[in-house]
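Below is one structure, written out as structure tokens, with a few remarks after it.
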Amino acid sequence: MAAPLTEDAVEGGSNETGLIVTESSSGDIKRPQFGTRFLTDPRQVFQHNAWDNVEWTDEQEAAAKKKVLENNQPLPSEKQEEFDNRANEYWNDFYTIHENRFFKDRHWLFTEFPELAPQCSLNHEFCPDVTGTDDRRQDSLDQEQHGESAALSQTYEDFPGSSASYRILEVGCGVGNTVFPILKTNNDPGLFVYCCDFSSTAVELVKTNPEYDQGRCFAFVHDLSDAEANYPVPNGTLDVIVLIFVLSALHPNKMQASISRLARLLKPGGVMLLRDYGRYDMAQLRFKKGRCLSENFYVRGDGTRVYFFTQDELHKLFTEAGLEKVQNLVDRRLQVNRGKQLTMYRVWIQCKYRKDRVQPPETQG
């Protein structure tokens, strides 16, 4: 069975994981860039494992669009329904086969998402002021949030992490390749990390990891696509929600309700962080005929599914959930397999969307 091709799988733990993001169509100002390796001489392409900020030619983009159109014949509705109904089974099979061998820890996490960095919740040393507010107003707002957190903790004393001052939830945690780097790196005593996955096999692998600490982390099984399912925390209690290569696994018709449900969990000023597949990524272009479920939505050989986004689609999902844009960027990279002399064009989208600070904290009904 073919395994899902993710950023982690391609990079394979290489330390050459520098990321470059380009300005979005809606006018984001370029931020300080992680990767600085640019391919100026095509003859040197196999000198390194990856090249940053690779712009496509018109011919490349036209060829990508043509390839997608050629394979854009959706499977019969009964087959689509079968993949939807058996989604849990396919993901459990995936983690049973691969366990923790397939994915690598995401070493780029704290550069791209400083909200997850050590002490971020306490002194903002690693947290850029992305909103443009001055430091004094920022500190005042943070004090208000910590006060709200304490008040909520007194009201809801029966949920995991109720006494924490900074709460992070990762949805689609897999075997913990985001959760464990956070726990290992961030020693904030007020930090509590929640993590969930659709696959009970994946969650069990997290819980049996020797680095799993029940005093700082709570792992649970959850179906993101079920907008009616409860989370183990009240609304308005989370500082950060992380979605890394997970939203793309949902049926497109279920994405909006799922994001809107997650948004209710955020505190005012809380952020939702996403990194996922972009339109015309190499993984999309590799699909053959007979794998298309609907436009830009495919099923892999192992039965798991994947969608390929545009910036505008993600912006619409987040803003309709009541969140405001902080970042919406495209990361284009050229990955190189020097042993096989192969080049692979990757396209990922990275987003940060914030809940308005003036909203009152929500409570779970």
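Among the chymotrypsin sites (Phe, Trp or Tyr not before Pro) within segment 204-240, which fall in a DSSP loop and have no more than 13 other Cβ atoms within 10 Å of their own Cβ?
Answer by residue number: there is no such site.
Out of the GluC sites (Glu not before Pro) in segment 200-249, which ones are loop residues according to DSSP with at most 15 other C-beta atoms within 10 Å?
For GluC sites (Glu not before Pro) across segment 200-249 that sit outside H, G, I, E and B with at most 15 neighbouring Cβ atoms in 10 Å, the list reads Glu211, Glu228.
Whose amide H sits under 5 Å from the amide H of Cys195, counting only residues 5 or more places off or on another chain, with H placed in the peptide plane?
Those lying under 5 Å, H to H, from Cys195 are Glu170, Phe218, Ala219, Phe220.
Give the residue list of trypsin sites (Lys or Arg not before Pro) in segment 241-288 that are DSSP loop and have at most 16 other beta-carbon atoms within 10 angstrom.
Answer in residue order: Arg286, Lys288.
What is the order of Thr310, Thr185, Thr201, fewest Cβ neighbours within 10 Å to most?
By the 10 Å Cβ count, ascending, the order reads Thr185, Thr310, Thr201.
Here, each number is a calculation from the coordinates, and none is a lab measurement. Remember, predicted model here, so these are calculated numbers, not experimental data. A quick note on method: Cβ atoms are made from the backbone with ideal geometry, for glycine too, and the neighbour counts reach across all protein chains shown.
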